[in-house]
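Reviewing the structure listed below.
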Amino acid sequence: MNRDLKDKTLEELEKVVVGLGQKKYLAGYLFKFIQVQNGREIGALSTLSKAFRAQLMEQGYFIGRLKVVDVLTDPDGSAKYLFELADGERIETVLLPEEERRTLCVSTQVGCPMGCAFCATGRIPFRRNLTAGEIVDQVNTVEEHAGRITNLVYMGMGEPLLNYDAVLKSIRILNHSAGKNIGIRHTTISTSGIVPGIRQLAEEEVRPRLAISLSAPTDALRGKLMPVTHKYPLAELLEAVRFYQANTGQRVTFEYVLIDKVNDSVTHARMLVKLLHGLMYNVNLIEHNPFSGCEFTGSSRERIQRFASALKDAGVETTIRFRMGRRIKAACGQLQAGYHPRERRKQVQAE
Ligand code: SAH
Ligand code: SF4
């Protein structure tokens, strides 16, 4: 069993506390200490008796911490944190402050197994899933450095719906009213289109907002950019979205990375509108961000505007996502946490 107390919901902490022969309400002190005060050491939790603190530590319980290796700040206000995990793996987390809203973009895996052609994270080796504690601590540590987080997006390194249980658990911890209480409507999961995960999410009681990375209106083109299409073709993906909407009544966001002369024509925009007909949705357009070794270029401002107008003319609510953190390689699809793409090539060759 994972003995990291940061990895536990309040209900799980209650089980731990009761299992050690203590009163259940003490779990509330532990949860508050870890999740609200960002406490680091069990020994410093003075509202618990010394004997109980010693008992917890003897049993191997601890409060997990990520090590901050580096923090890069962009003149636009965004900041990129490079963290080292207990086993030496590395991840990145991005803070995006915009007036009242302070959004944290968290990672869910070390690397990503999905291999999207336009994404830097997809070029590095997939190492492992993060635990809920490791996801939660990205928030706790950045809050300690930079102040309160109001919004969460699961859009950092990794595919959140391939690490379903830890992702949902981290949301339950961060959303809990006795903890940070980050609003569920201020929390978004972005997926490349993992159909079983979308269907499972549709049945959850605590349900974040859902964003789906689409980036092409046909299986042929999407398959070239996003290999996940071969496993879950567009028809199946959109069927899952329909199921999600029938169950939840919530609209979804489709994200579309605009790559010059690849998927950014007005014809592509019209095909997209046709494809999504009947759904409740909005579209987020993202200019493709460059990274070394990438053969694609971002669309020009003019082509982006034309694509956006074609959607808007068809009545689709469309936003062009404001790019932040490009100068520190913290924008969408630029996170590599210092892993070298060559490592993946070696790994693929060895398989
Ligand atoms: N794996 C999840 C979440 C992380 S990626 C997903 O794919 O949805 C977050 C967003 O960044 C996705 O919408 C993805 O399409 C986009 N993205 C990836 N590479 C990009 C790049 N080079 N430039 C701009 N956006 C990119
Ligand atoms: Fe993974 Fe998302 Fe990047 Fe695709 S776009 S490789 S799913 S992180």
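The values are calculated or read from the model by the stated rules, or taken from the named source; none is laboratory data. Bear in mind that the values here come from a model prediction, so they are computed numbers and not experimental data. Ideal geometry is used to build each Cβ from the backbone, glycine not excepted, and the neighbour counts take in all protein chains shown.
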Review point. Is the stretch 284-298 home to any residue that is more than 21 Å from T121 (Cβ to Cβ) and modelled with pLDDT of 95 or more?
Key: no
Review point. For the stretch 47-99, which fully contained strands (runs of 3 or more DSSP E) count at least 3 residues that are of a type in the set (A, V, I, L, M)?
Key: 67-73, 90-98
Exercise for review: Could you please give the count of residues in the stretch 12-23 that are free of Cβ contacts under 8 Å to residues at least 24 places away in the same chain and surrounded by 12 or more Cβ atoms within 10 Å (Cβ to Cβ)?
Suggested key: 6
Review point. Which condition breaks for E100 when tested against (1) more than 16 Å from ligand 1 (Cβ to nearest atom); (2) under 18 Å from T191 (Cα atoms)?
Key: (2)
**Study point:** Enumeration of residues in the stretch 284-301 that are part of a loop (DSSP other than H, G, I, E, B) and either more than 19 Å from G333 (Cβ to Cβ) or away from ligand 2 (no atom under 16 Å from the Cβ) (or both)
**Key:** T297, S299, S300
**Study point:** Candidate set from the stretch 132-169 (those that are assigned to a loop (DSSP other than H, G, I, E, B) and more than 19 Å from K180 (Cβ to Cβ)); member that is farthest from ligand 1 (Cβ to nearest atom)
**Key:** N163
Exercise for review: For T191, indicate whether it is touching a helix residue (DSSP H, G or I) at 6+ places or on another chain (Cβ under 9 Å) and closer than 29 Å to K312 by Cα.
Suggested key: yes
**Study point:** Selection from the stretch 71-113 of residues that are touching a residue at least 12 places away in the same chain (Cβ under 8 Å) and at positive phi
**Key:** G77, G111
Exercise for review: Considering only the stretch 310-331, state which residues are touching a residue at least 60 places away in the same chain (Cβ under 8 Å) and in a helix (DSSP H, G or I).
Suggested key: R326, R327, I328
Review point. If you go through the stretch 255-283 one residue at a time, how many are surrounded by fewer than 21 Cβ atoms within 10 Å (Cβ to Cβ) and within 14 Å of ligand 2 (Cβ to nearest atom)?
Key: 1
Check your understanding: Just for the stretch 172-229: of the residues that are more than 20 Å from V106 (Cβ to Cβ) and either in contact with a Gly (Cβ under 6 Å, 6 or more places away or on another chain) or hydroxyl-bearing (S, T, Y) (or both), which one is surrounded by the most Cβ atoms within 10 Å (Cβ to Cβ)?
Key -> S215
